[in-house]
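Novice: Handing you this structure, nothing more for now.
The values are calculated or read from the model by the stated rules, or taken from the named source; none is laboratory data. Predicted model, so just to flag it, every value in this text is computed and none were measured. Note that each Cβ is placed from the backbone with ideal geometry, even for glycine, and that neighbours are counted across all protein chains shown. Side chains are part of the model used for accessible areas, which takes the heavy atoms of the whole protein and leaves out ligands, DNA and RNA. Shrake-Rupley method; radii C 1.70, N 1.55, O 1.52, S 1.80 Å.
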Amino acid sequence: MSSRELSVLFVSLCSGTAQEVQTENVTVAEGGVAEITCRLHQYDGSIVVIQNPARQTLFFNGTRALKDERFQLEEFSPRRVRIRLSDARLEDEGGYFCQLYTEDTHHQIATLTVLVAPENPVVEVREQAVEGGEVELSCLVPRSRPAAVLRWYRDRKELKGVSSGQENGKVWSVASTVRFRVDRKDDGGIVICEAQNQALPSGHSKQTQYVLDVQYSPTARIHASQAVVREGDTLVLTCAVTGNPRPNQIRWNRGNESLPERAEALGETLTLPGLVSADNGTYTCEAANKHGHARALYVLVVYDPGAVVEAQTSVPYAIVGGILALLVFLIICVLVGMVWCSVRQKGSYLTHEASGLDEQGEAREAFLNGSDGHKRKEEFFI
């Protein structure tokens with residue numbers, strides 16, 4: 001495709017007020033198609049010559065003069081001469097002469113401008129990115145005209161880069177660099193370098209996506225094939241490992257003991273068939289890369305149905321024993337309270353009896369000292 005920018009220039013080329021030749025300036029993208037037009041006014045059949053910027057004659061009164069098949073005569077009429085240029089190149093750029101030979105030779109120049117669209121940018125990383133550090137990316141467009149404008153984007157947000165350019169003949173080489181801090185979550189993220197200039201259609205750009213490669217220390221986590229394991233079951237433990245570079249070796253251990261002879265350790269998985277209570281213990285998986293190491297733990301407890309039933313039946317006995325102990329304690333407390341109350345009541349009764357005896361003694365003494373001196377019967381109530 002080509003983009004055309006028309007700039008019309010009117011020139012009076014002969015005596016009088018009539019304009020005899022009119023040209024249109026043309027802008028085209030490299031590889032595109034350009035049309036060069038000479039408009040004629042009051043044409044009387046005079047000779048018309050079209051020449052290229054090197055002043056080589058392309059067409060003489062409608063007849064091809066230069067054997068360059070990229071130039072084709074599209075129209076030759078008393079009002080207009082139009083030629084078509086295919087696959088426009090930078091060397092085609094310049095002024096094309098429309099000459100009208102009358103009594104005086106008059107000419108007008110149609111300027112052809114060739115733009116160069118940027119190619120897809122080349123994005124490179126300066127050095128390997130590591131978690132917690134900075135990464136520096138460079139973006140290069142070696143050829144464009146005019147100089148391409150480079151922009152950086154990450155997560156749909158523009159990053160501020162530093163650009164520089166160098167002119168090489170008619171074209172520009174443009175570069176841009178950007179720096180930012182990275183973490184493990186940035187691994188696999190996308191950074192885009194975008195190039196734009198006027199040679200591209202409006203709203204279009206050339207983009208290159210760069211996938212971030214951030215190295216970081218590993219992590220490990222153990223997943224069990226089942227939550228409850230019983231004697232005789234087969235348990236599969238999987239060590240889920242992350243890391244960049246990815247750890248290529250995983251080691252399985254069981255505390256200070258060796259793995260059961262039946263155990264099968266194969267990379268990220270550890271298979272324990274025919275479980276027994278002797279397999280109980282803390283199992284670990286370990287992974288490492290050049291940035292660090294990681295370890296995960298799994299505590300294995302094999303479910304023994306007999307032991308569980310015994311434990312469950314022992315629970316009611318303990319509860320009943322506790323209740324009985326509490327009842328015995330309450331009964332003892334009640335008995336102690338009753339004895340204490342009875343002792344207090346008996347002491348008070350004896351005291352009143354003694355008081356009654358004292359009164360009876362006084363009455364007896366008064367009776368015995370009576371005047372008639374008769375013997376009287378004495379009765380004591382105890």
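Novice: Does at least one position in region 85-93 carry a residue that is free of Cβ contacts under 8 Å to residues at least 12 places away in the same chain and in contact with a Phe, Trp or Tyr (Cβ under 7 Å, 6 or more places away or on another chain)?
Specialist: The answer is no, given that none of the residues of region 85-93 is free of Cβ contacts under 8 Å to residues at least 12 places away in the same chain and in contact with a Phe, Trp or Tyr (Cβ under 7 Å, 6 or more places away or on another chain).
Novice: In region 154-208, which residue that is farther than 30 Å from Leu112 by Cβ and in contact with a Ser or Thr (Cβ under 6 Å, 6 or more places away or on another chain) is surrounded by the most Cβ atoms within 10 Å (Cβ to Cβ)?
Specialist: Among them, the one singled out is Cys193.
Novice: Under the condition of being of a type in the set (S, T, N, Q) and farther than 26 Å from Asp44 by Cα, which residue from region 61-117 is surrounded by the fewest Cβ atoms within 10 Å (Cβ to Cβ)?
Specialist: The residue in question is Ser86.
Novice: Pairs only if they're at least six apart or on different chains, beta carbon under 8 angstrom, first in region 250-270 and at positive phi, second open to solvent by 50 Å² or more (accessible area, probe 1.4 Å) and part of a strand (DSSP E or B); list them, first residue then second.
Specialist: The qualifying pairs are Gly255/Thr282.
Novice: Residues of region 260-284 being open to solvent by 50 Å² or more (accessible area, probe 1.4 Å) and closer than 20 Å to Ala240 by Cα, which ones?
Specialist: Correct list: Glu264, Ala265, Leu266, Glu268, Thr282.
Novice: Glu75 - would you say it is part of a loop (DSSP other than H, G, I, E, B) and charged (D, E, K, R)?
Specialist: For Glu75, the condition - part of a loop (DSSP other than H, G, I, E, B) and charged (D, E, K, R) - is not met.
Novice: Can you name the condition, by its number, that Gly132 falls short on among (1) in a loop (DSSP other than H, G, I, E, B); (2) outside the structural domain of Ser46 (by the TED database); (3) surrounded by 15 or more Cβ atoms within 10 Å (Cβ to Cβ)?
Specialist: (3)
Novice: Do any strands (runs of 3 or more DSSP E) lying entirely in region 150-192 carry at least 3 residues that are closer than 18 Å to Lys206 by Cβ, and which ones are they?
Specialist: Result: 171-181.
Novice: So how many residues does region 206-234 have that are under 22 Å from Asp187 (Cβ atoms) and in a loop (DSSP other than H, G, I, E, B)?
Specialist: Adding up the residues that qualify gives 2.
Novice: Here are Val228, Val135, Val171: which of them is under 30 Å from Asp304 (Cβ atoms), in contact (Cβ under 8 Å) with a residue 40 or more places away in the chain and out of contact with any helix residue (DSSP H, G or I) (no Cβ under 7 Å at 6 or more places or on another chain)?
Specialist: Values: Val135 fails: under 30 Å from Asp304 (Cβ atoms); Val171 fails: under 30 Å from Asp304 (Cβ atoms).
Being under 30 Å from Asp304 (Cβ atoms), in contact (Cβ under 8 Å) with a residue 40 or more places away in the chain and out of contact with any helix residue (DSSP H, G or I) (no Cβ under 7 Å at 6 or more places or on another chain) holds for just one of Val228, Val135, Val171, which is Val228.
Novice: Also: State whether one or more residues within region 55-67 are touching a Ser or Thr at 6+ places or on another chain (Cβ under 8 Å), in contact (Cβ under 8 Å) with a residue 12 or more places away in the chain and among the basic types (Lys, Arg).
Specialist: No: region 55-67 contains no residue that is touching a Ser or Thr at 6+ places or on another chain (Cβ under 8 Å), in contact (Cβ under 8 Å) with a residue 12 or more places away in the chain and among the basic types (Lys, Arg).
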